[in-house]
Amino acid sequence: MRPARWMAYALVGAGALLMLAPFYFMFVFATQSRTEIFSVPPPLWFGNDLLNNIAILTQRIPFWRNLGWSLYVALASTALTLLFCSMGGYAFAMFEFRFKKLFFALVMGTMMLPSFMSMIPTFMIMDVLGWIDQPRALYIPGAASAFGIFLMRQFVTASIPKDLVEAARMDGCGEIGIYFRIVLPLLKPALGTLGLVTFISSWNNFIGPLVVMRSADHYTLPLALRSLQSPVNTEWGALMAGSAIATLPLIVLFALAFIGARLPR
């Protein structure tokens, strides 16, 4: 069993290195000039052009403004999704009301629809509301996602006994108080999972800003970095520098999630 185990470790390690290679080269190329990036063989270690690439990046696009917009949209999307999805999941799990199963089936049915089918209706609704080129058009439409409601409903059903909620009602606690003082603190594991997924999805969202954003000052990072590419004069060092900076928040987020999971309860 020992040779087989070491072989399995070797295969997993090789796969991990293969998956990490693009990230490594992204950080390496962020410190190289365009000429060095396309040299043969390509550079395998860090260079001295990082500051120059960042200067080119900030000259070509309003990068720091785009970074701020991305952070704002991702945080707003995460906060609203956690609030509304936890409310919806709690309602479907704990309350009995007419057509409950039908409404839940309709919510789940939206998960089977391809995302591109909502692009034109979303644009039309945002246009009617006057939200074109407004950040709210990126985080309000998806604030109550079907996946988030389903996740919260399953967690509430499995982890929060109805007797606890009934006892709070008998003690005179209102529904809002039950939700914020009893239910929400018990949802921390599910909230952490959904928050991580939502933040990453919003941070990497490209199609949404492409549909509703018009001015470069309101672009989020994926769209802003894409605007750097051109058929003949792409500054690849600057593009790699912007991509590396855009990746850092996700790396920090994963590190914090990993540390939080390892902490003793």
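Any read-out appearing in this document is the output of simple, stated calculations on the displayed coordinates, not a laboratory observation. Since this is a predicted model, take the numbers as computed values, not measurements. All Cβ positions, even for glycine, are placed from backbone atoms using ideal geometry, and neighbour counts span all protein chains on display.
Considering just Cα atoms, how many Å³ per residue does the convex hull of the range 157-265 enclose? Residue-normalised Cα hull volume stands at 161 Å³. Divided by 2.2 N^0.38 Å, where N counts the residues, the Cα radius of gyration of the range 1-99 comes to 1.88. A straight line joining the Cα centroids of the range 236-259 and the range 79-115 runs 33 Å.
Computed about its Cα centre, the charge dipole of the chain is approximately 600 debye, with only Lys, Arg, Asp and Glu carrying charge at their Cβ.
In order along the range 79-92, phi translates into HN-Hα couplings of 4, 5, 5, 4, 5, 6, 5, 5, 5, x, x, 5, 5, 5 Hz, rounded to whole numbers, per the Karplus curve 6.51 cos²θ - 1.76 cosθ + 1.60 with θ = phi - 60° and x for Gly and Pro. Ranking THR198, MET170, LEU248 by how far each Cα lies toward the positive end of the dipole of the range 169-264 (charges on Cβ) leaves MET170 at the top. Compute the helix-to-body angle for 119-129: its Cα long axis versus the longest principal axis of the chain, expressed 0 to 90° and rounded to tens. With rounding to tens, the tilt is 70 degrees. Relative to the longest principal axis of the Cα atoms of the chain, the long axis of helix 236-262 lies at roughly 40 degrees. Rg of the Cα atoms in the range 136-179, relative to 2.2 N^0.38 Å, amounts to 1.56. Dipole orientation for the chain: of the candidates ALA261, LEU106, VAL128, ALA261 has the Cα lying most toward the positive pole (charges on Cβ; Lys, Arg +1; Asp, Glu -1). By the compact-protein rule of thumb, 2.2 N^0.38 Å, the alpha-carbon radius of gyration of the chain corresponds to a ratio of 1.26. Across the range 42-191, counting alpha-carbon atoms alone, Rg and Dmax equal 21.6, 70 Å.
From the helices alone, meaning DSSP H stretches of at least four residues, give me the mean residue ellipticity at 222 nm for the chain, per-run term -39500 (n - 2.57), in deg cm²/dmol to the nearest 500.
Result for the chain, helices only: -22000 deg cm²/dmol.
Here the dipole of the range 124-265 is about 360 debye; that uses its Cα centre as origin and unit charges on the Cβ of Lys and Arg (positive) and Asp and Glu (negative). Pairwise Cα separations in the range 25-79 fall into 10 Å bins from 0 onward with the following percentages, short to long: 22, 34, 27, 15, 2. Comparing PHE38, LEU151, LEU221 along the charge dipole axis of the chain, the residue lying farthest to the positive side is LEU151, per the Cβ-charge model. Taking the alpha-carbon centroid of each part, what is the distance from the range 43-72 to the range 124-180 in angstrom? Cα centres, the range 43-72 to the range 124-180: 37 Å. Relative to the dominant Cα principal axis of the chain, helix 188-203 is inclined by about 40°.
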